[in-house]
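The values are calculated or read from the model by the stated rules, or taken from the named source; none is laboratory data. What you see is a predicted model, and the numbers here were worked out from it, not measured in a lab. Quick reminder, even Gly has a Cβ in these numbers, built from the backbone with ideal geometry, and neighbours come from all protein chains shown.
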Amino acid sequence: MAVNNMNLFSQRKCFFGLGLFLIACYLIICLNSSKEKVHWMFFHHQKPIYKKNFNFTMSQHLKCEHEDPFLVILVATRPKETDARQAIRLTWGQIQIWLGKKVITLFLLGKDVENHSHMRQSIEEENILFGDIISQNFMDSYDNLTLKTIMAFQWISEFCPKAEYVMKADADIFINVKYLVNFLLKINKNISSDFFTGYPFINTKPHRGFVSKAYIPYSDYPFSIYPPYCSGLGYVFSGKLGLKIYKMMSHVKPIRFEDAYVGICLKILGVSLYIPEKRKLFFLQKLKFDSCLFSRLIAVHDVTPLQLISYWKQLKELERTKCLNEI
């Protein structure tokens, strides 16, 4: 009996020691990570390292030839998302003048992953009909979203460098363009040329777990925290800053997540996010439709093409109500 008690005591002692060891390791890791000094210039190379190896197959290079737009909205879509593009064309993307300001809406595409000839032909016909598709010859995949974003900044830099503002957006969002234009007009005199806003992520940690879609290896991103960045659902920036970001992109190796990649470029440039004080204007999560709420925001994520058309119709029908006129 004494031997058994001694064994039980030894086991408890081992477990207690193991527990203390794990707690100590946890505290050491936490303390080290909290004290970690992130050297953002780690990502910056003196000489350009990222070469623009992809050619424009559809460029819309004449869109800004005769008049510099106030706002350019570049929507990232996949080749097969025809319904999403059409819904945007029928709703917030159909109007080119908002509050007396010119707005251009264009779609960003890569090459169809399955490389079907009928898909290529369909995209070509769609572009002939609407003339609003920008495309390069990289594979249009989730892992290449950063290439699509670089294409957006490249297009602005090469074909529309005098645009006052630019918005890069996902295809599954509702954008209240009227409110956005009004918002930009109101802050226009009070901000610097380095303006960047959206749904902010602050002190976000890279995912090192087993979810492949969110995983980023240490070899691509060795630090324990991302710089402040805005969600790729939709962010807005000044045209002048867009030119600086594109130039910086030549010196920063692309990482998998485009929004965090843009955040790295902003950090190296010394640009801080603009976060409105009063309330949220960008919504990452799906919202239940409310006409007054949707009239006083800029963007809502996770909206289907059918919902987008429905929301648009309801807002147009209620356009004369008090809440819709109080912008």
(request) Name the single residue, out of those in the range 121-131 being exposed (fewer than 13 other Cβ atoms within 10 Å of the Cβ) and at pLDDT 95 or above, that is nearest to C64 (Cα to Cα). (result) G131
(message) Just the residues that are at pLDDT 95 or above and among the hydrophobic types (A, V, I, L, M, F, W, C), please, taken from the range 132-144.
(response) I133, I134
(request) Considering only the range 257-290, state which residues are among the hydroxyl-bearing types (S, T, Y) and crowded, with 21+ Cβ neighbours inside 10 Å. (result) Y261
(request) Please work out if F201 is out of contact with any Lys or Arg (no Cβ under 6 Å at 6 or more places or on another chain), buried (at least 19 other Cβ atoms within 10 Å of the Cβ) and not acidic (D, E). (result) no
(message) I need a count of the residues in the range 149-162 that are touching a Ser or Thr at 6+ places or on another chain (Cβ under 9 Å) and buried (at least 17 other Cβ atoms within 10 Å of the Cβ).
(response) 3
(message) Give me the residue from the range 94-108 that is in contact with a helix residue (DSSP H, G or I) (Cβ under 9 Å, 6 or more places away or on another chain) and either of a type in the set (D, E) or assigned to a strand (DSSP E or B) (or both) and, out of that set, farthest from F174 (Cα to Cα).
(response) K101
(request) Could you tell me whether any residue of the range 211-219 is of a type outside the set (S, T, Y) and within 23 Å of T57 (Cα to Cα)? (result) no
(message) One residue is enough: does the range 302-323 have a residue meeting the conditions within 25 Å of I156 (Cα to Cα), surrounded by 16 or more Cβ atoms within 10 Å (Cβ to Cβ) and of a type in the set (V, I, T)?
(response) no
(request) Exactly one condition in (1) surrounded by fewer than 15 Cβ atoms within 10 Å (Cβ to Cβ); (2) within 17 Å of V271 (Cβ to Cβ); (3) not small (G, A, S) is not met by V211; state its number. (result) (2)
(request) Give the number of residues within the range 100-120 that are modelled with pLDDT of 95 or more, surrounded by 15 or more Cβ atoms within 10 Å (Cβ to Cβ) and more than 17 Å from S59 (Cα to Cα). (result) 3
(request) Counting only residues that are touching a residue at least 12 places away in the same chain (Cβ under 8 Å) and of a type in the set (V, I, T), give me the helices (runs of 4 or more DSSP H) lying completely in the range 221-327 with at least 3 of them. (result) 258-269
(message) Among the numbered criteria (1) farther than 30 Å from E319 by Cα; (2) crowded, with 16+ Cβ neighbours inside 10 Å, which one does V181 miss?
(response) (1)
(request) Starting from the range 103-116, take each residue that is touching a residue at least 24 places away in the same chain (Cβ under 8 Å) and of a type in the set (V, I, T) and list its partners that are surrounded by fewer than 15 Cβ atoms within 10 Å (Cβ to Cβ) and in a strand (DSSP E or B), counting only C-beta distances under 8 angstrom and pairs at least six apart or across chains. (result) V103/I97; V113/M139
(message) Among (1) charged (D, E, K, R); (2) within 30 Å of F43 (Cα to Cα); (3) at pLDDT 95 or above, there is one condition K253 misses while meeting the rest; what is its number?
(response) (3)
